[in-house]
Amino acid sequence: MKSLLVMALMVAFAQFAFAENTVTYGWEGSQTILGNYGDIICTIDTEQVHSGDQALKVVDDAESGTPQAFVGWVVGLSDGDVVTASFWRYDDTPSASPSCRIWGSWNDDPNDITSYGGSAGGEEDYGPGTGWDLTEYTWTVEGGHPGLIIQVRTYSEAGATVWIDDMTITAPDGAEIRTPEYAQSLSPDTWAAIKATF
Ligand SMILES: [Ca+2]
Ligand SMILES: [Ca+2]
């Protein structure tokens with residue numbers, strides 16, 4: 001009886017110790033992205049939708065390079081923490097551009113999304129390019145970076161277009177998961193100042 005109690009306590013403690021926080025975002029409101037790097041145009045769109053009525057339309061606006069749309073931002077992380085993110089992506093050009101990947105970069109200031117701490121890597125797979133597919137990647141925090149930015153990277157030329165929908169981000173309890181909705185929680189002045197830095 002006593003050992004059962006101990007086991008129950010151990011299970012309860014394990015659940016507490018590994019508690020996770022999961023947030024989803026489906027672009028059903030008016031917020032598009034948290035920020036960007038390079039020339040990329042993001043709008044709320046209804047042409048291709050995975051679920052609900054809307055998705056994020058991502059248009060590469062750069063002649064070369066890999067512009068990035070920042071769709072998630074996790075702060076309050078410590079080394080060893082694990083963050084998993086996924087989203088559905090749409091492209092209908094198998095083995096050819098346009099295509100996109102889920103990628104990450106480290107962020108070193110929870111008040112500044114432009115604070116770049118280096119690439120955090122991502123999922124190499126471009127997907128089948130036969131419509132909607134789910135792409136996912138898991139990062140383990142290292143190097144003392146307190147934040148992670150989750151990106152859509154496009155690999156194509158100006159005008160190439162993909163769609164993104166139904167993002168899920170899981171992080172340890174205690175970390176704060178910010179989706180594009182986070183922009184609404186800031187005062188208009190603060191958000192205008194952040195946007196002006198891009
Ligand atoms: Ca949606
Ligand atoms: Ca493609």
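In this structure the stretch 20-196 gives 43 Å² per residue of accessible area when probed at 1.4 Å with all protein chains present. Of the residues Trp103, Trp88, Trp73, the one with the largest accessible area comes first in the ranking Trp88, Trp103, Trp73, computed with a 1.4 Å probe on protein heavy atoms. The longest stretch of the chain left intact once loop-based GluC sites (Glu not before Pro) with at most 10 other Cβ atoms within 10 Å are removed from consideration, loops following DSSP, is 125-198.
Of the solvent-accessible surface of the chain, computed with a 1.4 Å probe and all protein chains present, 52% belongs to carbon and sulfur. Both radii are taken from the alpha-carbon atoms of the stretch 20-196; with Rh as the Kirkwood radius, Rg/Rh is 0.94.
The values are calculated or read from the model by the stated rules, or taken from the named source; none is laboratory data. Everything quoted here is computed from the prediction, not taken from an experiment. Because the Cβ atoms are built from the backbone with ideal geometry, glycine has one as well, and the counts that use them run over all protein chains shown. The accessibility values were calculated without ligands, DNA or RNA, using every heavy atom of the protein model including side chains. Shrake-Rupley method; radii C 1.70, N 1.55, O 1.52, S 1.80 Å.
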